[in-house]
Amino acid sequence: MKDKSKLIQDFKNIAGNKYVFTAKLNKEPFSKGWRYGKGDALAVIKPGSLVEMWHILELSVKEDLIIIMQAANTGLTGGSTPFGEDYDRPIIIINTMRINSIQIINNGNQIIGLAGSTLYDLENKLKPLGKEPHSVIGSTSIGASIVGGVCNNSGGSLVKRGPAYTELALYAKVNKNGKLELINELDINLGSNPEEILKNLENFNYNDNDIINSQKLASDNKYSSIVREIDSDTPARFNADSRLLYGASGSAGKIAVFAVRLDTYPIPNKNQVFYVGSNDPDVFWKLRRDILSKFKNLPTSGDYLHRDCYDAAKKYSKDTFIVIEKLGTNFLPTLFELKRKVDHISKKTSFLPNNLSDKIMQFLSNFWPNHLPKRIEKYRERFEHHWIIEMSDEGIDEARDFFKKFFKVNEGDFFECNKKEGKKAILHRFTAASAFGRYSALNEENIGGTMSMDIAFPRNEKNWFEVLPKDIDDMFEMKLYYGHLFCHVLHQNYIIKSGVDPVKLKEKLFKTYDNRGAEYPSEHNVGHEYDAKSTLKNFYKNLDPTNTFNPGIGRTSKLKNWE
Ligand SMILES: Cc1cc2nc3c(=O)[nH]c(=O)nc-3n(C[C@H](O)[C@H](O)[C@H](O)COP(=O)(O)OP(=O)(O)OC[C@H]3O[C@@H](n4cnc5c(N)ncnc54)[C@H](O)[C@@H]3O)c2cc1C
């Protein structure tokens with residue numbers, strides 16, 4: 001590697017002084033995971049165009065650097081940041097969020113999302129066309145990117161559409177001879193050399209005749225039938241599923257993606273959220289089977305929340321809920337920036353407590369009146385298990401008729417949310433993901449750590465609600481369960497009691513999941529938290545034979561050429 005300061009100057013000459021960060025405080029938002037993992041990097045670079053991104057890649061490969069590609073950094077398993085210190089080469093992080101344009105093609109039936117474009121912007125851009133994005137995930141509301149979702153095969157809430165998937169992408173890889181190559185699988189004629197291709201794409205300099213419409217998929221076209229197979233003894237979706245590993249899809253940062261092409265979907269004329277409660281997991285098991293096997297219309301989404309998780313979210317995610325509801329998603333990056341600065345100062349100042357920002361936000365949230373609707377609160381009193389089911393168009397009457405009959409003979413109840421209740425119910429469920437982090441930040445000194453499991457159960461699993469053997473159960477202080485119940489994807493978040501060995505506990509838990517035929521992770525991808533199964537490992541090795549990109553992912557080798 002050339003002289004470090006000369007190298008940094010070269011990166012600055014490409015991206016501009018303002019967009020190359022080398023100071024610790026400035027690098028932290030990019031070198032620390034949302035919930036898991038952190039490490040250091042020589043620099044964080046934020047290119048402003050696809051061509052700048054290409055030049056940064058060229059220089060990094062020439063200098064034998066490790067490259068970590070990053071978008072919004074909302075990944076939950078540490079897969080978008082460095083992890084630890086045992087890397088054999090210096091690392092640069094390329095954050096793509098400045099390259100955020102979205103192009104509408106094929107009369108609005110497809111879009112091209114450039115590297116840092118977001119699901120939130122996509123939703124807004126498609127609305128006037130009467131279209132919706134391929135994907136709605138919990139982190140749509142906090143700025144997750146389109147490309148990050150494809151790279152993770154992110155799943156989310158949509159029962160009809162399945163994980164983010166496309167066979168149409170433009171990306172760079174380092175081949176086995178260590179040479180950077182641009183692979184144009186977008187199926188758009190954009191030119192012959194990398195700069196020409198990237199410039200033409202960025203400037204929307206192509207026309208309808210340049211767009212090839214072949215059999216290649218721009219979404220998962222099989223999921224809606226897969227999810228209906230309720231007697232199958234395998235999960236409907238999980239990250240190591242070879243069916244969904246292709247180019248950018250599932251690549252987890254082992255290449256550098258410039259753009260992806262994806263399908264869009266018509267916005268339904270009508271949507272209706274049903275709030276469903278029961279005290280018996282078997283009732284939800286029966287309900288799930290009936291809806292998936294008998295309904296003509298699949299639900300749009302169906303997210304589950306256990307009462308303990310409901311309570312934790314009500315208390316610890318209240319400020320996040322209020323900020324999103326009142327100020328909108330666009331304000332969140334400013335808030336997170338402020339939060340990081342406050343925490344950094346408190347860490348450096350001995351008389352201030354750790355996690356000061358969490359403590360301030362938690363304190364302030366106490367003064368805000370209850371943010372949850374009365375009817376939902378009543379269900380919290382009555383029921384342990386909550387299911388927020390959204391139906392559209394003809395599915396609304398179908399569900400209404402069915403629920404009326406179903407709850408005449410089964411324990412539990414339902415009601416139809418008005419618009420405000422529906423929105424709040426869904427936001428409450430999505431912000432529940434942050435309750436766990438807040439609780440552990442506030443109680444850091446008194447707990448033995450945290451564990452967050454992202455589990456896909458077989459489609460025929462009857463005992464979907466976890467009942468742990470007493471010896472394992474006793475090791476937890478708190479368990480928070482939520483998930484995408486139609487897909488049988490459960491997020492099981494555990495707060496461990498002080499004094500418990502988390503490594504041994506994790507092994508025990510994994511054994512219980514294995515015994516039930518589960519796959520994990522189901523949608524958050526392996527990051528540095530889970531082992532990559534051989535299907536994934538081989539996919540990564542093929543994409544990145546020299547192990548230049550995001551080495552160590554899936555707890556694989558961090559060394560050059562996978563040594
Ligand atoms: C509150 C919350 C709720 C969430 N809800 C869900 C959910 O419902 N379902 C779900 O599946 N996930 C969920 N997640 C996880 C996460 O948001 C998703 O994985 C998301 O798709 C990541 O998008 P991102 O833009 O943040 O990508 P990042 O985290 O920045 O990156 C994700 C992966 O993509 C790679 N990558 C990013 N950009 C590029 C590029 N240009 N080229 C190559 N590789 C690249 C990174 O290296 C990394 O491996 C949630 C997270 C949070 C914090």
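The values are calculated or read from the model by the stated rules, or taken from the named source; none is laboratory data. This structure is a prediction, so every number in the text was calculated from the model and none was measured. All Cβ positions, glycine included, derive from the backbone under ideal geometry; neighbour counts span all protein chains shown. To get the accessible areas, we keep the full protein, side chains included, count just its heavy atoms, and leave off ligands, DNA and RNA. Shrake-Rupley method; radii C 1.70, N 1.55, O 1.52, S 1.80 Å.
A simple spin-label model places pseudo-atoms 7 Å from Cα toward Cβ; at D473 and R555 they are separated by 2.7 nm.
Using R0 = 35 Å, the C-beta based FRET efficiency linking K270 and K294 works out to 0.95.
How high is the FRET efficiency from N175 to N17, r the C-beta distance, R0 30 Å, rounded to 0.05? Working from the Cβ atoms, E equals 0.40.
For the chain, the solvent-accessible area with a 1.4 angstrom probe is 41 square angstrom per residue. In the chain, the longest principal axis of the Cα atoms and the axis of helix 332-348 are about 80 degrees apart.
Counted residue by residue at 0.36 nm each, then reduced by the alpha carbon distance between them, the extension gain from E85 to K462 reaches 131.4 nm.
Relative contact order of the chain, please, whole-number percent, based on alpha carbon pairs below 8 angstrom and at least 6 residues apart. That works out to 18 percent. With all protein chains in place and a 1.4 Å probe, the accessible surface of the chain carries 50 percent carbon and sulfur. Relative to the dominant Cα principal axis of the chain, helix 50-62 is inclined by about 70°. For the listed peptides 126-139, 170-183, 494-507, a ranking on the average number of other beta carbons within 10 Å per residue, highest first, reads 126-139, 170-183, 494-507.
Site pair E563 and D514 shows an inter-label distance of 3.2 nm when each label is modelled 7 Å from Cα along Cα→Cβ. The distance between label points at D413 and K6 comes to 7.5 nm (points 7 Å beyond Cα on the Cα→Cβ vector).
Given a Förster distance of 51 angstrom, what is the FRET efficiency for D282 paired with N542, based on the Cβ-Cβ distance and rounded to 0.05? Between D282 and N542 the formula returns 0.70.
Oblate is the label for segment 205-332, because the ratio a/c of its alpha-carbon gyration tensor axes (a ≥ b ≥ c) is 1.5 or higher and a/b is not greater than b/c. Taking Cα atoms only, the orientation of helix 534-543 departs from the longest principal axis of the chain by about 30 degrees.
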